[in-house]
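The structure under discussion appears below in the form of structure tokens.
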Amino acid sequence: MRCMSTVGPVSKKEKAKFFEMILCSPGMAENCKISLKMTRQNALLLSRLIEASLLDEKASFDDDFLSALPEGSVNDFKSIHEEILRKAGLSDFYDKLKSI
């Protein structure tokens, strides 16, 4: 026997509200330590992904989850972006690469 849902498609606004609710759930604002081991190649690519998708003011994305990010999250990701490059020893290299 199959149940048929009476709920229709979820709108983008409803999805954004749902993701916003998840991000505001108890404990979600607590810091957690994440240790990553990755190649410098992947560190460079991850850093670029963060910059291109979240830190570039010209970047526009149509993602329901990312549209629900709290305002301070962009600054947090900027710090993560810088830390990845610094810990991989790629800060100067990355800056010179971007200037090409």
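Values quoted throughout were computed directly from the atomic coordinates according to the rules given, and no laboratory measurement underlies them. No experiment lies behind these values; they were computed from the predicted model shown. Note: ideal-geometry Cβ built from the backbone for every residue, glycine included; neighbour counts use all protein chains shown.
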### Difference of contour (0.36 nm per residue) and Cα-Cα distance, Ser11 to Lys78
21.1 nm
### Query
From the square roots a ≥ b ≥ c of the eigenvalues of the alpha-carbon gyration tensor of segment 33-98, which class results: rounded (a/c under 1.5), prolate (a/b over b/c), or oblate?
prolate
### Message
Using only DSSP helix segments of four residues or longer, with each worth -39500 (n - 2.57), what per-residue ellipticity at 222 nm results for the chain after dividing by its residue count and rounding to 500?
### Response
-14000 deg cm²/dmol
### Message
Cross-link candidates for Lys96: which lysines have Cα within less than 29 Å, leaving aside residues fewer than 8 places away along the same chain?
### Response
Lys37, Lys58, Lys78, Lys87
#### Entry: Cα centroid of segment 35-83 to Cα centroid of segment 19-33, whole Å
17
### Task
Taking the Cα centre of the chain as origin, sum charge times position over the Cβ atoms of Lys and Arg (+1) and Asp and Glu (-1), and report the length of that vector in debye to the nearest 20.
380
### Message
Which one, Lys78, Lys37, Lys12, has the greatest fluctuation when you compute a Gaussian network model over the chain with C-alpha springs under 10 angstrom?
### Response
Lys37
### Query
How high is the relative contact order of segment 33-98, in percent, counting Cα pairs under 8 Å that sit 6 or more residues apart?
43
### Per-pair calculated FRET efficiency, R0 = 25 Å: Phe65 and Glu30 via Cβ, rounded to 0.05
0.80
